[in-house]
1. For a quick check: with amide H placed at 1.01 Å from N, whose amide H comes under 5 Å from G188's, ignoring anything fewer than 5 positions away on the same chain?
2. Out of residues 5 or more away from V219 or on other chains, whose amide H comes under 5 Å of its own, with H placed 1.01 Å from N in the peptide plane?
3. Kindly provide log₁₀ I(q)/I(0) values, in the same order as q = 0.12, 0.13, 0.22, 0.23 Å⁻¹, from the Debye equation applied to equal alpha-carbon scatterers of region 42-130.
4. Compute the length gained on full extension between E65 and N25: take 0.36 nm times their separation in residues and subtract their Cα-Cα distance, giving the result in nm to one decimal.
5. So if I take the centroid of the Cα atoms in region 154-222 and the same for region 77-91, what is the distance between those two points in Å?
6. Mind checking which aspartates and glutamates have their C-alpha under 19 Å from K37, skipping anything on the same chain fewer than 8 residues away?
7. Points 7 angstrom from Cα along the Cβ direction at D109 and R220: gap in nanometres?
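Since every read-out is calculated from the coordinates, none of them should be taken as a lab result. Note that the coordinates shown come from a computational prediction; the quantities given were computed from them, not determined experimentally. Cβ placement follows ideal geometry from the backbone for every residue including glycine, while neighbour counts extend to all protein chains displayed.
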Amino acid sequence: MDIALLGGTGDIGQGLALRWADDTNHTIIIGSRKAEKAANKAEEYETELASRGHDDVEITGLGNEDAAARADVVVAAVPAYHLTDTIDAVADELDDTTLVAPAVGMQRDEDGFHYNRPGAGSVTQLAANAAPDDTPVVGAFHNLAAGRLANLDADLNWDTIVVGDDTDAKDTVCELAEGIEGLRALDGGPLANAAEIEGLTPLLINVARHNDGLHDLGVRFQ
């Protein structure tokens, strides 16, 4: 499967790109607003993977529109405040594509991080509102600690909760998620449940900040 990571030069994009390239045979495409930046990052990821024995892995870096045009699944791995603009820019390239939204809106004050729920109800719903009507949108990967995700020497043992209204698209994303070693996908129901999942992220960050040894905190449901 061809996976495009728009904003694949950033933290969550880097982690997903490296893990999928390390653990699966999917084709990984890095997208960025600047094609040169994407190409440089793709080369950087290839070098890291080659150092781990993956000499045959090829990762392509393209501008976001070109990356989306080549993909079966597009992951909008951008901050919440860039999400709708990014989707708008690639909307014409999303035919027959599943769009994945991992972004979470947060605010920070002296007490810590807090969920910034948008008027649409969730950031995932913002993505759905911006996407073409025939493009299924799935929320996933909201609660992953990016640093640990990108550290290929680190075991994960995490769950990611997946929400969406299109069953086939949700199943596809669950399968992709479980291709990453140590990551389990759990069905969180329809897209309307995204806010509850997104709201876990600031909680995890706050707990990690105040407890030794929990810097890269994730969730596992038992």
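1. Residues meeting the criterion, in which the H sits 1.01 Å from N, are V162, V163.
2. Long-range HN contacts for V219: D159.
3. Results for region 42-130 at q = 0.12, 0.13, 0.22, 0.23 Å⁻¹ read -0.51, -0.58, -1.01, -1.06.
4. 12.1 nm
5. 21
6. D11, E46, E48, E58, E65, D66, D85
7. Going by the 7 Å Cα→Cβ label model, 3.5 nm.
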